[in-house]
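Structure first, then comments.
The values are calculated or read from the model by the stated rules, or taken from the named source; none is laboratory data. Because the structure is predicted, anything quoted here is derived from the model rather than measured. Because the Cβ atoms are built from the backbone with ideal geometry, glycine has one as well, and the counts that use them run over all protein chains shown.
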Ligand code: SAH
């Protein structure tokens with residue numbers, strides 16, 4: 001198995017059967033070699049730098065009904081909120097002072113967030129903070145909308161493809177949602193000049209190794225600037241409440257594989273990874289990750305952006321995520337970069 005890791009390290013790719021063996025391996029030596037190779041490649045591309053993205057969770061209203069997600073439309077127990085323009089600007093002001101140079105507005109697909117609402121807001125943020133990047137993560141929208149938001153100043157868009165295999169996609173989503181449209185959105189966003197982030201959950205119900213390989217192949221085709229993966233974590237008020245969550249071992253192996261396949265990609269150590277293990281994000285950073293996305297949302301709404309159970313950084317004590325993360329990043333041997341942190345691809 002260590003030979004397979006070497007091959008991936010030197011050539012940046014593997015056959016499907018080699019990938020399958022590496023994804024499924026329980027060989028600890030191979031896992032450690034994969035980790036150290038991934039760290040070496042990450043350091044060649046980005047040194048010890050870790051880029052921060054301030055995450056502003058703008059709305060827990062969602063018109064979609066993704067079976068895994070705690071804020072799905074059918075979850076009548078979900079507490080709904082949306083941030084006002086003033087709330088969002090206050091998050092940016094706070095974030096800028098804390099040293100963030102990227103603001104990510106993420107939310108459910110909430111019809112309240114029209115282009116007419118978002119465009120002036122994005123322009124205002126870009127005017128106030130010209131050295132910052134604005135990232136959107138607001139789900140599937142029309143090409144026209146993506147165009148207008150780009151024109152208003154949005155730089156980046158995060159839209160995980162979730163599952164590149166039609167069979168798995170349809171088990172995780174209601175019938176009215178389509179993988180075709182999601183992929184189309186991603187290619188459109190790229191064409192419009194956004195820096196794009198795609199990705200998927202690790203250990204989602206029904207996910208097999210072949211599905212994961214299909215995800216890796218899709219990512220090779222799309223060539224996004226960022227790849228977001230994190231473990232699936234069940235939410236108690238969804239159809240997947242009783243399902244098992246994704247494991248730390250598999251998530252780390254996949255992060256290592258992604259770093260070797262995509263040496264220059266931006267790879268976040270996600271909140272979900274920090275949720276399934278207390279040092280999950282630190283381990284992620286040591287396995288090729290170079291981005292963390294601290295929560296910048298007002299503390300009063302954090303518990304309501306409830307995608308999965310036990311999500312970290314939602315309590316009163318988490319009001320200052322920045323200091324906590326700085327300590328974690330430094331303890332893992334890396335340093336925060338006070339810059340926009342664009343991908344070098
Ligand atoms: N509405 C936006 C934002 C979705 S939330 C969009 O459609 O892109 C951001 C990500 O959280 C999702 O893409 C999904 O991969 C992840 N997520 C949702 N539920 C989850 C769960 N139960 N466990 C782990 N990750 C989850």
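So that you can scan it fast, the table gives a plain yes or no per residue for (1) under 25 Å from residue 178 (Cα atoms); (2) at pLDDT below 95; (3) surrounded by fewer than 14 Cβ atoms within 10 Å (Cβ to Cβ); (4) within 16 Å of the ligand (Cβ to nearest atom):
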site: 29; (1), (2), (3), (4): no, no, yes, no
site: 50; (1), (2), (3), (4): no, no, no, no
site: 61; (1), (2), (3), (4): yes, no, no, yes
site: 77; (1), (2), (3), (4): no, no, yes, yes
site: 98; (1), (2), (3), (4): no, yes, no, no
site: 103; (1), (2), (3), (4): no, no, no, yes
Exercise for review: Go through the stretch 1-22 and give me each residue that's buried (at least 17 other Cβ atoms within 10 Å of the Cβ) and under 26 Å from the mean Cα position of the chain (by Cα).
Suggested key: 5, 8, 9, 14, 19, 22
Check your understanding: Taking the condition farther than 30 Å from residue 256 by Cβ, surrounded by 14 or more Cβ atoms within 10 Å (Cβ to Cβ), more than 16 Å from the ligand (Cβ to nearest atom) and free of Cβ contacts under 8 Å to residues at least 40 places away in the same chain, does residue 89 pass?
Key -> yes
Point to revise | Members of the stretch 273-292 found to be buried (at least 24 other Cβ atoms within 10 Å of the Cβ) and within 14 Å of the ligand (Cβ to nearest atom), listed by number | key: 273
Revision key, fill the gap. Checked the stretch 304-325 for anything free of Cβ contacts under 8 Å to residues at least 24 places away in the same chain and either crowded, with 18+ Cβ neighbours inside 10 Å or assigned to a loop (DSSP other than H, G, I, E, B) (or both); matches are 314, 315
**Study point:** Members of the stretch 233-262 found to be touching a strand residue (DSSP E or B) at 6+ places or on another chain (Cβ under 8 Å) and closer than 30 Å to residue 193 by Cα, listed by number
**Key:** 251, 254, 255, 258, 262
Check your understanding: For the subset of the stretch 303-313 comprising residues that are at pLDDT 95 or above and under 15 Å from residue 104 (Cβ atoms), which member is nearest to the ligand (Cβ to nearest atom)?
Key -> 307
Exercise for review: Say whether the condition of being in contact with a helix residue (DSSP H, G or I) (Cβ under 7 Å, 6 or more places away or on another chain), more than 11 Å from the ligand (Cβ to nearest atom) and modelled with pLDDT of 95 or more is met by at least one residue in the stretch 228-247.
Suggested key: no
Exercise for review: Within the stretch 135-158, work out how many residues are within 16 Å of the ligand (Cβ to nearest atom) and either touching a strand residue (DSSP E or B) at 6+ places or on another chain (Cβ under 9 Å) or more than 20 Å from residue 182 (Cβ to Cβ) (or both).
Suggested key: 11
